[in-house]
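Structure record follows, encoded as C-alpha cells.
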C-alpha cells in the first residue's frame, strides 16, 4: 500500500535535501589542506570507537588463525586443516610478515589494514597504527611482498596510507641490478588488473620482461631496495625514451597486515624481502 | 513512533553498524561483501521522511569519506541522493513484500556505487565498466540478500504501519 508521495515530499524535505546536496558538493571541492583535518577529526572522534571495533575484529581474526595454526601443527590432522585455504593463506601471510620483521631488524611498526566498503578504498587505506606508535608522515608502508605506499595522514591511533594506485603516487625505481632508473606512477587499468608505469627509461636501455623493479632510494622518501613489481611489457616509446608496464608486487585490495618503516633507512632493504618477491605470477 | 518501537528500531540500526565494522571483513572480497552501513541507512529511510533521510545519508557518506579520503565528498553526495530517493521511493512504492524491499536495497547499492565512482573521478575506461556493471551489481545482490535476511528476522521491528510516518 502506498503512503503517498505528496504526503512525504514537503518543502522542508526538499530544503534539507538541497542543503545536504550543496554541502556534499562543497566537501568535494575542498582542497586537501582543508579536507584532511576534517577527515582526521572525524576519525579521532565519531569514528574512533568503530575503528577500534574493526581493529579488535581483525586482531580476533588473526588470533583465531594463529590458534588454528598451533592446533594444526600439534595434531596429526594437519592435512584436514590444510584444506582450509583461507586459513592457510592467512598463515602464509603472517609467516611472511614475521620473516620480514626479523630481516628488517628494527625501525618498523606492524599494523592491520582496515578495509572499507567503497570502491575507492584501493587508493587510500586506513591502518591501525598512528603517531602514538611512532608513525610519521611519508613513512613507507610495506608488506612481505614489497611496497604498498606511504603514509599520507596520521593521527594518534590510525593513519591513512596512499597506495601505489593513488593517482598522485610517484616513486623513483630501478631494475634489481641497478642498471636502469625511471619514475613509477599508476598506469590505470587493464581489465581488472592495475599496473604501474616505469617511465623515463633511455631508449638505448632495454628492460626485459620479468625484470624486478625496486625503489632506488633517490629523493629521500623511500629507502633503496623495496620491491615494487615486475616488468610485464612496454607501454610506449618516444624518440628518446621508453615506458614500461610494471605489475605491482602488492595488491592493495587483499593486503591485511603491513609494516610502517618508522626510522630513516640508508641501507639497501632488498635483502629483507623474500627472494621471489615481485616476480610476476602467470 | 512509540518509545519501545523506537528502541527496537534503533537496536536494528546499531546492529547493522556493528556488523559493518566487525563481521564485514570476514565476508569475502570487499568489493562484493554486503555494505551494512548502507543497509542501515536504507533501513532508516523506511520510517524517516525524505529530508531526514537526506541528512542521514549525508552523515553516513561523510563518515565513509573520512575513511577513504581519496574520494572525500563523493560518498556524502552519493549517500545523500540515495537516502532521499529511497525514502521517497518507499513512499511511492511502499509494500510489505520482501522482494520489493530487496529490489530497493539492490538499486540503492548500485546507485550509491555508480554516483560514487563517477563523482570521485578516479575511474575510467574498462575499470569504470567493471565497477559499474560487475562489482556494483554483485555488491547490490549481497546487500539485498543481507537486507532480506534482516527484514525476515526483524520485520515487526522495522516495517512502518499505515497511518504512521
How far, in nm, would the chain grow between residue A:179 and residue A:15 when pulled straight, counting 0.36 nm per residue and subtracting the alpha carbon separation? 52.8 nm
How many Å³ per residue does the convex hull of the Cα positions in the stretch B:19-113 occupy? 93 Å³
Cβ crowding within 10 Å averaged over residues, with B:123-130, A:223-230 ranked highest first: A:223-230, B:123-130
Sorted by Cβ neighbour density within 10 Å, fewest at the top, the residues A:148, B:62: B:62, A:148
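As a check on your grasp of the helix formula, calculate [θ] at 222 nm for chain B: sum -39500 (n - 2.57) over DSSP H runs of n ≥ 4, divide by the residue count, round to the nearest 500.
-25000 deg cm²/dmol
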Label point distance in nm, residue B:149-residue A:131, each placed 7 Å from Cα along Cα→Cβ: 4.1 nm
Which FRET efficiency value, to the nearest 0.05, is calculated for residue A:204 and residue A:30 with the Förster distance at 41 angstrom and r the Cβ-Cβ distance? 0.35
Any chance you could run the full-extension gain for residue A:138 through residue A:168? It's 0.36 nm times the residue separation minus the Cα-Cα distance, nm to one decimal. 9.5 nm
Residues A:155, A:112 arranged by fewest to most Cβ contacts within 10 Å: A:155, A:112
Yeah, the stretch A:48-163 with a ≥ b ≥ c from its alpha-carbon gyration tensor (a/c under 1.5 is rounded, else prolate when a/b outruns b/c, oblate otherwise) is prolate
Angle between chain A longest axis and helix A:85-104 axis [Cα atoms, degrees, rounded to 10]: 60 degrees
Direction-averaged shadow area of the convex hull around the Cα atoms of the protein assembly as shown, nm²? 23.7 nm²
Relative contact order for chain B, counting Cα pairs under 8 Å that sit 6 or more residues apart, in percent: 28 percent
Please work out the FRET efficiency for the pair residue B:8 and residue B:92, using the Cβ-Cβ distance as r and a Förster radius of 22 Å; give the result to the nearest 0.05. 0.30
Shielding of B:122-131 by other chains, given as the mean Cβ count within 10 Å, works out to 4
Listed with the fewest Cβ neighbours within 10 Å leading, A:231, A:46 appear as A:46, A:231
What is the mean number of Cβ atoms from other protein chains located within 10 Å of the Cβ atom of each residue in peptide B:74-82, rounded to a whole number? 5
Residue A:239/residue B:134 FRET efficiency (R0 35 Å; Cβ-Cβ; nearest 0.05): 0.30
At what distance in angstrom do the alpha carbon centres of the stretch A:38-54 and the stretch B:81-147 lie from each other? 26 Å
Need one value for B:57-64: mean number of C-beta atoms belonging to other chains within 10 Å of its residues' C-beta atoms. 5
What Kirkwood hydrodynamic radius do you get for the stretch A:171-249 when you take the inverse of the mean 1/r over all pairs of distinct Cα atoms, in Å? 12.3 Å
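None of the figures in this text is laboratory data; all of them are computed from the coordinates on show. Model, not experiment: these values are computed from the prediction. Every residue, glycine among them, receives a Cβ derived from its backbone with ideal geometry; neighbour counts consider all protein chains shown.
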